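The block underneath contains the structure these notes are about, expressed in C-alpha cells.
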Amino acid sequence: MIRMPGLTLDADNAAFMRDNHIRAICLFRGNMQDEHQLKQFTRDLRQTMGTDSLIALDQEGGAVVRSLWVPQPPAAMSLGASADPELCRQVGAAVARSVRALGFNWNFAPVLDLNNNVYNPVISERSFGSEPAKAAALALAWMQGSLAEGVACCVKHFPGHGDTHVDSHRDLPTVDKSLEALRALELEPFRIAVGQQAPAIMTAHIVYPALDAEHPATMSHRILTGLLREEWGYQGVVITDGMDMHAIAGRYGVGQAAVRALAAGADLVMALGTRETQIEALNALTEFILSGKISRAELNTRLQRVKSLCERFPCQDEVYQTEIADRILMSQAWKKGLTAFGQPQAPATGSRVRLVVSADVVSDGVSEAGIPAAKVKAMLETLYDVEMTTFSDAEQFDWASLPQDGRAVILASTIRIRYSEKVRREWKPNLHLVLWNPFQMLDIDAPALVTYGFAPPAVDAARAWLAGEIDAAGVLPVQLPSGSASH
C-alpha cells in the first residue's frame, strides 16, 4: 500500500501503479479538497488499479479524520464516555456511509488500544477507554456498524499502543510488562476482535519484551504468526502501520523493514514515504520473494486474504443520501459524551468573560489541525460579552498579566500536548473548556467541561451546555491516577 501526492491522479503516478501492480492506496488530508475532487480521484484510482483494489483512509473520529466536510464523528473516548454500544454501532455505520460515497472501501478504525496511560502522546482520546471488555464492546459495535454498510475496518494498533509515553511516529516505544499483564489488558480487545472476525488488523511499531525482546510487533514472527495466526487462529488481513515512521525507517531502513514485516507474517506493507522509498521497498520485497525465502504457497495465502477483502468490500460509486440524518446523529452523539470534571458552572448568559486560548494549532501529522482561536471566540460570543487573550507558547505566557477586571476567565484548551509544571502551578481560570486531550483537565486547577474534540458539533455541544440546554452526563472511561478524581 502506498500514499499518493496531490489532488489528482497524474499520468506518471498512474504508470507507476500499473508497472508495479499497486492495488492499495491510502489517502490523507492533503489529497482532499472537496467531494467532487475526491470522488474523481478515487474513481481514477479504481480505474487504474482494477476491481480488486483497496482505497483507504483514517476516518476514526475526533481529531483523526481526513474528510472534514462529511458529518464529523465523535472521538472514541467521547463514545466511551457515553458507554452506549448501540450509539457506537450507529456512528460506525454513519462514518462508513460517508466514506463509501467518496469511493473508499477501507477505514483504518476503530482503535482498540486501551488508554491506560494519561501521558500517552498519540492515543489519548482516540481510545474507547481503559477497561478491556468495555472498550472492546464499544469499538467492535462501531466496527459492526461499518461492516454492515459495506466498508472494511482495520482494528489497531496490535498488540496495543495505549500504555506508552512515546509516539512511534518519532521513536520506538517499549511496553515492558509481563505476559500475564499483557494478556489481561493490552491483548484482550484484540483477542475479542479476532473472535468477532475483524476483517483486518494493523500492527504497532512497539517492542513488547515479554512477547519478543528483539523485534517490534510489526517485524515479530512470534507476535504476528505465533500469537495472532497460530494461537488465536486469525484469518483476516494483517497490515503494517506506516513504514515511513521514524521508529522503523530510521532504525532498519525502508527496504529491510518491509522484508522483515513480510517475513514476520504481514500481508500488506504500508510503504507511505516518497516514490524513492516506495521503490526501495518494492525492490527489497521482490528480491526477498525471488530468493525463495518465502514459499509460493505462503505468498498465495497472503494474496488470497487481500483479494478476499477486496471482494467482500468492493469500492462503490454512489450518492451520499443520508447526510442530514447522519449530521443529526453525530450532533447527538457528541452531546452524549460531554463530561463534567470538578462540578463546572457555566457563567450566566450575557455576562462578561475573558477567553484564554492558543492562537493557532497546527497538525501534528496524525491529527488534523486544531480549532483556531477565532472560532472558539465566535461560539462564546453567541452567549457572552467576550474579550480574548491568545498565547503562542503556554510555557512563556504570563498568567498574572491578565487584567483583574471582573470578567470570568474561561481557558479553552485546543492543543493535544499536556501542560507543563509551570502552567499547572500558575494558571487559574474559572472554567476550563477541554476541547481536545481530556487529560488536560488534570493539569489545570479549575472545574472542566470535556468534549474530547474540536469538530464543529463538539464545539456546538459545549455551547449547548454553556447555554443550559443540556447536561454533561458522560463518564470518563479511564481510571485516573489516585488523588485526581475531582478538585
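The values are calculated or read from the model by the stated rules, or taken from the named source; none is laboratory data. Just so we're clear, the structure is a prediction, and the values are computed from it rather than from any experiment. When we count neighbours, we look across all protein chains shown, and the Cβ atoms used for this are built from the backbone with ideal geometry, even at glycine.
Quick look at the values:
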{"read-out": "Selection status of Gln47, more than 18 Å from Gly150 (Cβ to Cβ) and free of Cβ contacts under 8 Å to residues at least 24 places away in the same chain", "value": "yes"}
{"read-out": "Residue pairs meeting the criteria (Cβ under 8 Å; at least 6 apart or on separate chains; first closer than 21 Å to Leu185 by Cβ, in segment 136-161; second among the basic types (Lys, Arg))", "value": "Ala141/Arg89; Trp142/Arg89"}
{"read-out": "Members of segment 30-59 found to be out of contact with any strand residue (DSSP E or B) (no Cβ under 6 Å at 6 or more places or on another chain) and closer than 14 Å to Phe108 by Cβ, listed by number", "value": "Leu57"}
{"read-out": "Residue count, segment 429-466 (criterion: farther than 19 Å from Ala76 by Cα and either among the β-branched types (Val, Ile, Thr) or in contact with a helix residue (DSSP H, G or I) (Cβ under 7 Å, 6 or more places away or on another chain) (or both))", "value": "6"}
{"read-out": "Filter pass, Asp52 being more than 14 Å from the chain's Cα centre (by Cα), surrounded by fewer than 18 Cβ atoms within 10 Å (Cβ to Cβ) and in a helix (DSSP H, G or I)", "value": "no"}
{"read-out": "So Ser78, is it of a type in the set (Gly, Ala, Ser) and touching a Cys at 6+ places or on another chain (Cβ under 9 Å)", "value": "no"}
{"read-out": "Segment 228-246, subset hydrophobic (A, V, I, L, M, F, W, C) and part of a loop (DSSP other than H, G, I, E, B), residue surrounded by the fewest Cβ atoms within 10 Å (Cβ to Cβ)", "value": "Trp232"}
{"read-out": "Residue match in segment 247-256 (condition: within 18 Å of Glu186 (Cβ to Cβ), touching a strand residue (DSSP E or B) at 6+ places or on another chain (Cβ under 8 Å) and assigned to a helix (DSSP H, G or I))", "value": "yes"}
{"read-out": "Checking Ala369 against (1) part of a loop (DSSP other than H, G, I, E, B); (2) at pLDDT 95 or above; (3) within 30 Å of Gln40 (Cα to Cα), the condition it does not meet", "value": "(2)"}
{"read-out": "Hey, Gln479 assigned to a loop (DSSP other than H, G, I, E, B), out of contact with any helix residue (DSSP H, G or I) (no Cβ under 9 Å at 6 or more places or on another chain) and on the phi < 0 side of the Ramachandran plot or not", "value": "yes"}
{"read-out": "Count of residues meeting criterion [at pLDDT 65 or above and either crowded, with 24+ Cβ neighbours inside 10 Å or of a type in the set (Asp, Glu) (or both)] in segment 155-174", "value": "9"}
{"read-out": "Out of Thr322, Thr225, sole residue that is touching a helix residue (DSSP H, G or I) at 6+ places or on another chain (Cβ under 7 Å), farther than 28 Å from Leu187 by Cα and not hydrophobic (A, V, I, L, M, F, W, C)", "value": "Thr322"}
{"read-out": "Residues located in segment 232-255, provided they are among the basic types (Lys, Arg) and without any contact (Cβ under 8 Å) to a residue 40 or more places away in the chain", "value": "none"}
{"read-out": "Meets criteria (outside the structural domain of Asn117 (by TED's automatic domain parsing), basic (Lys, Arg) and under 19 Å from Val118 (Cα atoms)) for Lys422", "value": "yes"}
{"read-out": "Any chance Ser351 is of a type in the set (Ser, Thr, Tyr), surrounded by fewer than 20 Cβ atoms within 10 Å (Cβ to Cβ) and under 30 Å from Leu466 (Cβ atoms)", "value": "yes"}
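Conditions (1) outside any helix (DSSP H, G or I); (2) at pLDDT below 95; (3) surrounded by 19 or more Cβ atoms within 10 Å (Cβ to Cβ); (4) among the charged types (D, E, K, R), marked per residue:
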| position | (1), (2), (3), (4) |
| --- | --- |
| Asn300 | no, no, no, no |
| Ser308 | no, no, no, no |
| Asp317 | yes, yes, no, yes |
| Tyr320 | yes, no, no, no |
